[in-house]
């Protein structure tokens with residue numbers, strides 16, 4: 001009984017925390033750091049002494065990749081850089097600013113801007129979703145129901161709803177109903193009999 005109570009508490013705690021998104025440098029960066037270390041080794045440990053300090057570069061990059069991130073939760077943004085961290089509650093934000101390199105900055109109430117490491121414009125719908133609508137999604141990918149956590153009624157319906165939406169005029173273009181594409185599969189598999197196409 002005790003284990004089920006603990007599991008139930010943890011599940012309730014996760015539900016209370018809401019959604020969470022972590023934006024960090026991709027882990028493939030560690031491969032590049034490893035390659036840099038391999039490249040530096042012959043020089044650092046070569047016949048000419050005194051070049052061991054070259055290992056500072058891969059080590060600095062390792063710390064940079066491991067620490068740099070932006071975490072979005074229901075409460076706000078948690079920005080972590082190599083030399084510090086900063087918590088930005090959603091209520092303290094006036095909005096988001098986009099730089100010419102598709103980077104995103106948080107604009108505070110006093111118009112100061114805080115860079116959000118590893119967050120790009122393509123992540124804006126995710127930020128809107130995690131903030132539960134406190135930050136608007138300028139791309140229009142998400143509906144108000146999705147932002148607030150309620151599922152729209154039409155999202156779970158079967159093909160009947162898709163056929164009805166195809167016949168009714170809509171203010172926005174709706175996606176075509178999904179139809180099987182036998183031509184592409186048939187060419188690869190040779191049709192339904194499993195024999196190669198000629």
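Structure above, values below:
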{"item": "Linear extension gain, residue 39 paired with residue 64, 0.36 nm per residue minus alpha-carbon span", "result": "7.1 nm"}
{"item": "Length released on extending from residue 118 to residue 94, taking residue separation times 0.36 nm less the Cα-Cα span", "result": "6.6 nm"}
{"item": "Length gained when the stretch residue 87-residue 108 is fully extended (0.36 nm per residue, less Cα-Cα span)", "result": "6.4 nm"}
{"item": "Theoretical FRET efficiency, 1/(1+(r/R0)^6), r = Cβ-Cβ of residue 22 and residue 55, R0 25 Å, to 0.05", "result": "0.30"}
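Every number in this text was worked out from the coordinates using simple rules, so none of it is lab data. Everything quoted here is computed from the prediction, not taken from an experiment. Every residue, glycine among them, receives a Cβ derived from its backbone with ideal geometry; neighbour counts consider all protein chains shown.
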